[in-house]
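Have a look at the structure below before the remarks.
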Amino acid sequence: MKRFLIGVVCLSLLQFGLPLKSSAAVSVTRHTVIWSIPEAKSISTKINQLANRQMKRVYLHVAVEGDRTLYRTFVEKAHAVGIEVYFLFGQPRWITNEGTTARPNVEDPLAWISTYQQETISHPDGISVDLEPYALPEWETDQSGVIASYERILLAFREKSSAEGLPLQLFLPFWFHTIQDASGRSLSEWAMDLADEVTLMSYRTVYGGGNGLGAITMSDALYAASNGYRLSYAIEFTELPETPDITFYGKTRTQLNQLVNQSMASSLPPSAIVYHDFEAYQAFMRSTQ
């Protein structure tokens with residue numbers, strides 16, 4: 001019955017147009033990604049830059065072999081100005097580097113989280129995972145096996161995040177609703193049921209049309225809305241010579257504002273927009289008016 005109702009809603013939205021609210025400027029919650037921890041002397045500058053761009057949350061990539069004191073300093077300074085910090089973990093090789101069939105061999109990042117939490121009271125606001133199984137060569141030869149391993153590693157992160165009392169956020173490609181696991185569930189629905197929040201890597205520069213952001217996120221947006229889940233969208237600013245149409249690199253602020261406003265004013269607005277990544281977004285803002 002749920003899927004039937006979702007289908008009816010979907011048809012109605014498509015019939016009358018996706019953005020049903022006013023297209024005027026609307027409020028947007030801004031998140032971003034930082035892939036490298038700044039040097040200690042540069043952390044305050046970076047935090048000020050994040051605050052100036054009105055970022056509510058930063059997904060800070062963790063190098064598990066790195067200096068944990070830098071992450072503590074970053075969290076402390078970000079919290080001082082009201083910015084959330086989620087520690088971001090993302091090494092695709094963890095997916096297939098399994099110790100047993102029951103549990104993936106992810107002791108390093110999980111141990112890093114435990115050690116960090118024990119060493120300081122400056123805790124992050126959540127754990128973020130960006131594992132991209134389709135980037136592995138095994139995706140072409142043993143997709144079902146990779147998917148099973150992928151789900152096991154996410155379950156391990158879910159267990160750790162719950163034990164630490166931290167919410168779990170996942171980055172997913174927008175097309176995971178078309179991929180099924182062994183049980184017949186779509187990967188995106190399985191992930192939304194598992195995590196506290198999902199971000200779709202929905203890299204588009206226009207909202208409307210059959211390949212616009214509204215269309216490619218529709219299935220997941222409907223599932224999230226019907227279950228009260230938090231779903232955010234990521235937009236790209238990195239230069240991508242082979243796929244220039246999916247990034248705002250070389251485009252205008254007017255185009256960016258139009259996409260963001262239409263997304264937030266739609267009948268199924270995301271919980272946030274994730275600007276990927278912060279350095280590329282900074283460069284975009286400096287080069288545009």
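The values are calculated or read from the model by the stated rules, or taken from the named source; none is laboratory data. Since we're looking at a predicted model, the values are computed, not measured. Using ideal geometry, Cβ is built from the backbone for each residue, glycine included, and neighbour counts are taken over all protein chains shown. Protein only, heavy atoms only, side chains kept; ligands, DNA and RNA dropped before computing areas. Shrake-Rupley method; radii C 1.70, N 1.55, O 1.52, S 1.80 Å.
Remarks
- Only residues that are at pLDDT 95 or above, open to solvent by less than 60 Å² (accessible area, probe 1.4 Å) and not charged (D, E, K, R) were counted in the stretch 7-50, giving 14.
- Taking the criterion of being in contact (Cβ under 8 Å) with a residue 40 or more places away in the chain, open to solvent by 10 Å² or more (accessible area, probe 1.4 Å) and either among the small types (G, A, S) or farther than 18 Å from F174 by Cβ (or both), the residues of the stretch 225-255 that qualify are A225, S226, E239, K251, Q255.
- The lone criterion from (1) free of Cβ contacts under 8 Å to residues at least 60 places away in the same chain; (2) over 23 Å from F278 (Cα atoms) left unmet by M218 is number (1).
- The condition (being among the hydrophobic types (A, V, I, L, M, F, W, C) and farther than 25 Å from E197 by Cα) is satisfied by just one residue among L240, L256: L240.
- Residue in the stretch 157-172 that is among the basic types (K, R) and open to solvent by 50 Å² or more (accessible area, probe 1.4 Å) present: no
- The number of residues in the stretch 55-97 that are part of a loop (DSSP other than H, G, I, E, B) and open to solvent by 60 Å² or more (accessible area, probe 1.4 Å) comes to 4.
- I153 being in a helix (DSSP H, G or I) and farther than 29 Å from F237 by Cβ: no
- At least 1 residues being among the basic types (K, R) and out of contact with any Ser or Thr (no Cβ under 8 Å at 6 or more places or on another chain) is the threshold, and among the helices (runs of 4 or more DSSP H) wholly inside the stretch 171-289 those reaching it are 278-287.
- If you filter the stretch 183-201 down to residues that are buried (at least 19 other Cβ atoms within 10 Å of the Cβ) and acidic (D, E), you find that the one that is nearest to G126 (Cα to Cα) is E197.
- Selection from the stretch 126-145 of residues that are closer than 30 Å to I83 by Cβ and crowded, with 18+ Cβ neighbours inside 10 Å: G126, I127, S128, V129, D130, L131
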